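The values are calculated or read from the model by the stated rules, or taken from the named source; none is laboratory data. Predicted, not measured: the structure shown is a model, and the values here were computed from it. Cβ coordinates were reconstructed from backbone atoms using ideal geometry, including for glycine residues, and neighbour counts include every protein chain displayed. In case anyone asks, the SASA skips ligands and DNA or RNA and just uses the protein heavy atoms, side chains included. Shrake-Rupley method; radii C 1.70, N 1.55, O 1.52, S 1.80 Å.
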Amino acid sequence: MNAISLEQVASHPEYVSIAGLAGIRLDLRYASADNFVGRDLYGAAAPALLHRQAAEQLARAAQWLGRQRPGYRLRVFDALRPGRVQRVLWDIVKDTPQRIYVADPARGSIHSFGMAVDLSVEDDAGRELDMGAGFDDFTELAQPQREEAMLAAGRLSAAQLANRRLLREAMEGAGFRGIPTEWWHFEAADKAWIRETMRLVE
Ligand SMILES: [Zn+2]
């Protein structure tokens, strides 16, 4: 696997900051203690970065959302996650049931290629829409593959499901793909293609 350091990425034209993108608000949870680990994993060098391809798709998703719902924005929880941070997450969950939610760093998280983003939607008053489960809620309630069952069981409301569908429509319309286990996670291209052709950021 090809690798590139986070320090090299900062000045590499293939990687761009998403900090100033229209329609995007950053709420980088791993750059604060507000995450399932309970501590800041990024420190001062919080990388609000994506591969250029993913950043362009994200900008299109935000534009679409703003046209559908004026004033609404995408709220980004995590974007490029260097391999070094992925290893910290993996060490915490590898012997727990939560391991299904965290990619083994030996294979590389799609986040570490700058091609995945974790996000939600916020309304024109800056309030996050109710998705029925929070970011990094490692339960079946967070799983798109369980949504219909959760709805039937009364654990997810029709309004919560509609909010998730709004996010998916915005992201899929811009070329992202969701995954079956996390409503907040989207990838900018096919996983296997990314792992074969792109560089992993260490
Ligand atoms: Zn993710």
Worksheet item: Given only helices, namely DSSP H runs of n ≥ 4 each adding -39500 (n - 2.57), what is the per-residue ellipticity at 222 nm of the chain, to the nearest 500 deg cm²/dmol?
Response: -9000 deg cm²/dmol
Worksheet item: Of all the accessible heavy-atom surface of the chain, with the other protein chains kept in place and a 1.4 Å probe, what percent is carbon and sulfur?
Response: 48
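What order, most packed first, do the peptides 189-199, 51-61 have when packing is the mean number of other Cβ atoms within 10 Å of each residue?
Values: 189-199: 15.2, 51-61: 21.2.
In decreasing order of mean packing, 189-199, 51-61 become 51-61, 189-199.
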Worksheet item: With +1 on each Lys and Arg Cβ and -1 on each Asp and Glu Cβ, how big is the dipole of the chain about its Cα centre, in debye rounded to the nearest 20?
Response: 220
Item to complete: Sticking with the crude label model, points 7 Å out along Cα→Cβ, report the distance from A149 to A192 in nm, one decimal please.
Response: 2.7
Worksheet item: When Lys and Arg each count +1 and Asp and Glu each count -1, what net charge do the other residues less than 12 Å away from R84, Cβ to Cβ, add up to?
Response: -1
Worksheet item: Once Rh for region 35-136 is found with the Kirkwood sum over Cα pairs, what is the Stokes-Einstein diffusion coefficient at 37 °C and 0.692 mPa s, in µm²/s?
Response: 218
Practice prompt. Enter the accessible area per residue of the chain (Å², integer; probe 1.4 Å; all protein chains in place).
Written response: 45
Worksheet item: Ignoring ligands, DNA and RNA, how do E147, E128 rank by accessible area with a 1.4 Å probe, largest first?
Response: E128, E147
Worksheet item: How do 88-100, 16-28 rank on mean C-beta neighbours within 10 Å, highest first?
Response: 16-28, 88-100
Worksheet item: Can you tell me the Rg and the Dmax, both Å, for the Cα atoms in the chain?
Response: 16.2, 50
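Under the 0.36 nm per residue contour assumption, what length would be gained going from the current alpha-carbon distance of Q98 and R52 to full extension?
Stretched out fully, the Q98 to R52 stretch lengthens by 13.5 nm.
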